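See structure below.
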Amino acid sequence: MNASRASLAVAAAVLMAAPAVAQSANFDDRPTGFLTATTGGMAANAWAGTSLATAKRLVSALPNAPRSRALRDLQFKVLVSQLTPPPADGSPPPSLFTLKVDKLAAMGEAESLNEMVRSAGGYADPAAASAVVNALMLAGERQSACAVVRQSQLTEAFAGRANAACRVLQGDSAAAPAATNVGAGQIDGPALMAMDLTHAQVPAGVLRNTQPAVVRALVGLKALPIATRIEIAERAEALAIIEATTLGDLYLEALREGAALPPAVARRARTVAAARNASNPTEMVNSIAAAYGEARGSPLFPTIARASAAALINLPAQPQFANVAQEAMRGFLLLGAKLQAQAWVRLALSAVSNNARAIIALDRLVPLAAIAGIDDAKQLTIGEINRWYEVTREDDAARAPLRGYLLLELLRSTGFELPPRSTELPDKPPGNARLVMPPTASLQALVNAAGGGRRAETALLAPIAAGDTPLNELHPAAIATIVQALRHVGEDFSARLFAMETAIAYGL
């Protein structure tokens, strides 16, 4: 598998001293999870056709923080769905349940981890209970964590520090040294909780940690200067570790407090705040368009655009707002909000009739709407695809060939039949493009799993194939393979959202 972000943290010499989940009980003889097909999870038989040994290997190989939100959400869905586990096959420990606990903890999903362990009766396992406590402490859920500490047996090495952290929470600051007694360069829930409660200085090495659970904890750590928290949050949002709304909240908090921010950060904060604080639809969309313009071309463009576009959620697609329909449509495509985008596409189409300039502008977005699976009441034609590429070349001749090739791969992978040379889009990447192709074995395993209809297996092989590669460096052919495989097993929404993420990352 591609190196996970956990290995990156090792390279930074900052390790998280999370309690490993030992094998003390077998939970693999029954479903463990809390989502069902009717509550947003997978069907109970999603592991059908996959061996237990393979399921264990895949869960263990998952990246802790996929660059794609769509793939992150997909692997999360597999981990917390109430699935019938594959039959026992004699594969060695740890159990599939144990590996799911480890992975959810590594992803920073404390509340979901707590719910899964609770619903499975997993508090009876000291190692699972310890993992939950550690995750809850990192997530700032201190009372919940200490409730588990009081009611459950924990692993011996972890129990003393967890109890010490809970004593600090109760006002016993003298217990802080016992809670923070971890190895040099390491950090975990009790240590960070005690540091925050006693306003102790967080070691510089910890601030560079890239593990999702620790990064989320640092973003919420009030003891840190807000400029430091924003710096960490911008990095975390770009890595799909936190939501753009969390970053937006920090921007607003910094401006309210009059915090000293670096000039570039202050500009980004003001731009996002203007969008979030807009008082009417036109002002809202204009401020979001300004945010797009401010950040376009920057590596932080997707981050700032998402943080700004979140303000659109409450904007209704009504005729009086038709003049801002295209910007709203762009924002909802960016957010992956399919139903809202569809409503605004229809409004945009009704608003551009007999307006040549507006029609040309809309043609920039229609191919992306088609990739997103939006019924735009307008058949995408070869002419429209070619017009999109013509405008793209006018905008940025140097990047147009690679963007055109990506669009071709995305259209084909989402069901458009485009024979070779049927459009003006390039059918291969430019020779000077620096692209990353996942290992052939990973892509072949993905294709085979999809061909066999093995839904959970396919869903996990997708983020494993993408690994830690930045989306704007992932080879378009690999992107198309992932999209096609996911659509083949019924994960159309995740597939199209992933396609849109890559389109945004490439600058489409």
Within the stretch 39-53, residues being touching a Pro at 6+ places or on another chain (Cβ under 8 Å) and farther than 15 Å from Ala462 by Cβ number 4
Ala325 - would you say it is crowded, with 20+ Cβ neighbours inside 10 Å and more than 23 Å from the chain's Cα centre (by Cα)? yes
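The rows are residues; the columns are (1) outside the structural domain of Phe97 (by TED's automatic domain parsing); (2) closer than 24 Å to Gln211 by Cα; (3) free of Cβ contacts under 8 Å to residues at least 12 places away in the same chain.
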| residue | (1), (2), (3) |
| --- | --- |
| Ala120 | no, no, no |
| Ala124 | no, no, no |
| Glu141 | no, yes, no |
| Ala145 | no, yes, no |
| Ala165 | no, yes, no |
| Gln170 | no, no, yes |
| Ala178 | no, yes, no |
| Ala194 | no, yes, no |
Out of Ala240, Ala274, Ala305, Ala204, report the one residue that is at pLDDT below 90 and either aromatic (Phe, Trp, Tyr) or on the phi > 0 side of the Ramachandran plot (or both). Ala240
Identity of the residue in the stretch 380-396, assigned to a loop (DSSP other than H, G, I, E, B) and touching a residue at least 12 places away in the same chain (Cβ under 8 Å), that ends up nearest to Arg434 (Cα to Cα): Asp396
Considering each of Ala48, Ala105 in turn, give the residue that is among the small types (Gly, Ala, Ser) and assigned to a helix (DSSP H, G or I). Ala105
Looking at (1) outside any loop (DSSP other than H, G, I, E, B); (2) in contact with a strand residue (DSSP E or B) (Cβ under 7 Å, 6 or more places away or on another chain), which is the one condition that is false for Ala441? (2)
Within the stretch 465-485, of all residues that are of a type in the set (Val, Ile, Thr) and crowded, with 24+ Cβ neighbours inside 10 Å, the one nearest to Arg496 (Cα to Cα) is Val483
Checking Gly467 against (1) in contact (Cβ under 8 Å) with a residue 60 or more places away in the chain; (2) touching a helix residue (DSSP H, G or I) at 6+ places or on another chain (Cβ under 6 Å); (3) not acidic (Asp, Glu), which test does it fail? (2)
Which count do you get for residues in the stretch 117-137 that are in a helix (DSSP H, G or I) and surrounded by fewer than 24 Cβ atoms within 10 Å (Cβ to Cβ)? 6
Residues that are surrounded by 20 or more Cβ atoms within 10 Å (Cβ to Cβ) and closer than 20 Å to Gly336 by Cβ: does the stretch 251-269 have at least one? no
Is there a residue in the stretch 427-437 that is acidic (Asp, Glu), over 26 Å from Phe332 (Cα atoms), part of a loop (DSSP other than H, G, I, E, B) and in contact (Cβ under 8 Å) with a residue 12 or more places away in the chain? yes
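If you take the residues in the stretch 255-288 that are among the basic types (Lys, Arg) and without any contact (Cβ under 8 Å) to a residue 24 or more places away in the chain, which one is nearest to Leu335 (Cα to Cα)?
Arg270
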Any idea how many residues of the stretch 94-129 are farther than 21 Å from Ala65 by Cβ and under 20 Å from the mean Cα position of the chain (by Cα)? 0
Can you find a residue in the stretch 7-29 that is at pLDDT 95 or above, surrounded by fewer than 17 Cβ atoms within 10 Å (Cβ to Cβ) and not small (Gly, Ala, Ser)? no
For Lys77, are the conditions met, namely being farther than 30 Å from Glu234 by Cβ and within 23 Å of the chain's Cα centre (by Cα)? no
Breaking point among (1) in contact with a Phe, Trp or Tyr (Cβ under 6 Å, 6 or more places away or on another chain); (2) part of a helix (DSSP H, G or I), for Pro86: (2)
Selection from the stretch 147-163 of residues that are small (Gly, Ala, Ser) and either buried (at least 22 other Cβ atoms within 10 Å of the Cβ) or touching a residue at least 12 places away in the same chain (Cβ under 8 Å) (or both): Ser152, Ala157, Ala159, Gly160, Ala162
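Let's see how each residue does on (1) assigned to a loop (DSSP other than H, G, I, E, B); (2) closer than 30 Å to Ser81 by Cβ; (3) in the same structural domain as Phe332 (by TED's automatic domain parsing); (4) more than 21 Å from the chain's Cα centre (by Cα):
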{"position": "Ala398", "(1), (2), (3), (4)": "yes, no, no, yes"}
{"position": "Leu446", "(1), (2), (3), (4)": "no, yes, no, no"}
{"position": "Thr458", "(1), (2), (3), (4)": "no, yes, no, no"}
{"position": "Ala462", "(1), (2), (3), (4)": "no, yes, no, no"}
{"position": "Ala465", "(1), (2), (3), (4)": "no, yes, no, no"}
{"position": "Ile482", "(1), (2), (3), (4)": "no, yes, no, no"}
{"position": "Ala485", "(1), (2), (3), (4)": "no, yes, no, no"}
{"position": "Gly490", "(1), (2), (3), (4)": "yes, yes, no, no"}
Residue list for the stretch 176-206, restricted to those being of a type in the set (D, E, K, R) and assigned to a helix (DSSP H, G or I): Asp196
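The values are calculated or read from the model by the stated rules, or taken from the named source; none is laboratory data. What you see is a predicted model; the values in this text were computed from it and never measured. Glycine also receives a Cβ, built like all others from the backbone with ideal geometry; neighbour counts cover every protein chain displayed.
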